[in-house]
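Undergrad: What follows is a structure written as structure tokens; I'll ask about it next.
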Amino acid sequence: MWLRVILPSESRLEWRTMNVRTITGDIDPEINDHEVNLMSAELSSRRTALSFQRTRMSADRTLMAVIRTSLSLIGFGFTIYQFFRYLRETGGALQLLRIEAPRNFGVALVLLGVGILFLGIWKHVDFMLELRAERKTFADQGLIPGDDRFPVSVTLIAATLLLAIGLIAIVGMVMRAGPFY
């Protein structure tokens, strides 16, 4: 079945109607303007609901980029710390460096990674709360179906776990104790 669309006429300022056609090409006299308007409203509602889902997924992709960046910084900082600690313990450490210099640099990188991750999580949660409020407003007005819900963000859970691991690594590096020392 084809959808009847009301288009502005190019030569005049009046509206003309395109008829709804079946698969065989025949005009379907059973469909009236009211039914066409209902179908159009339903399609519009679905597109708007899908745009909310696309926006949510876009926010998750942005958080994944933040995770990737902070994981690189945390991993690189921790590797520098462990490498120079290993050199110092085996006696191969350069005497040109102060003992605290590699540790301080490693801790600074891990702190930077944790800070970026914290800000990314904070902005993600803030944006998602705004998006949910806007979505609820649209659903209350009947512009979108209100029955579908946003699923729990697995990306946010992963980011929170990485934040906890980063904080534990910082404590272990500064206190020289813990599971990562």
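Derivation of every value follows stated rules applied to the coordinates shown; laboratory data play no part. As the structure is a prediction and not an experimental result, all values here were calculated from the model. Don't worry about glycine lacking a Cβ; one is built from the backbone with ideal geometry, like all the others, and counts go over all protein chains shown.
Undergrad: On a full-extension model of 0.36 nm per residue, what is the gain between VAL154 and VAL171, subtracting their alpha-carbon distance, rounded to one decimal in nm?
TA: So the extension gain works out to 3.5 nm.
Undergrad: When the dipole is taken about the Cα centre of segment 49-175, and only Lys, Arg (+1) and Asp, Glu (-1) are charged at their Cβ, what size is it in debye, to the nearest 20?
TA: With Lys and Arg at +1 and Asp and Glu at -1, about 300 debye.
Undergrad: Treating segment 49-175 as a set of equal point scatterers at the Cα positions, no solvent, please give the Debye-formula log₁₀ I(q)/I(0) at q = 0.15, 0.17, 0.19 Å⁻¹.
TA: The computed values of log10 I(q)/I(0) come out as -0.74, -0.85, -0.96.
Undergrad: Let me ask something additional. Taking the highest mean first, how do the peptides 126-139, 161-174 order by number of other beta carbon atoms within 10 angstrom per residue?
TA: 161-174, 126-139
Undergrad: With a cut-off of 8 Å between alpha carbons and a minimum separation of six or more residues, what is the relative contact order of segment 49-175 in percent?
TA: 38 percent
Undergrad: Report the label-to-label distance for GLU130 and ARG68 in nanometres (one decimal), using points 7 Å from each Cα along the Cα→Cβ vector.
TA: Between GLU130 and ARG68, the simple spin-label model gives 2.4 nm.
Undergrad: Of THR155, GLY166, THR55, whose Cα points farthest to the positive end of the dipole of segment 49-175 (charges on the beta-carbon: +1 Lys, Arg; -1 Asp, Glu; origin at the Cα centre)?
TA: The one lying farthest along the dipole's positive direction is GLY166.
Undergrad: A further question on this structure: Could you give log10 I(q)/I(0) at q = 0.22, 0.24 Å⁻¹ for segment 122-181, computed by the Debye formula over C-alpha point scatterers of equal weight, without solvent?
TA: -0.89, -0.95
Undergrad: So, in Å, what gap is there between the alpha-carbon centers of segment 139-153 and segment 94-138?
TA: Cα centroid of segment 139-153 versus Cα centroid of segment 94-138: 31 Å apart.
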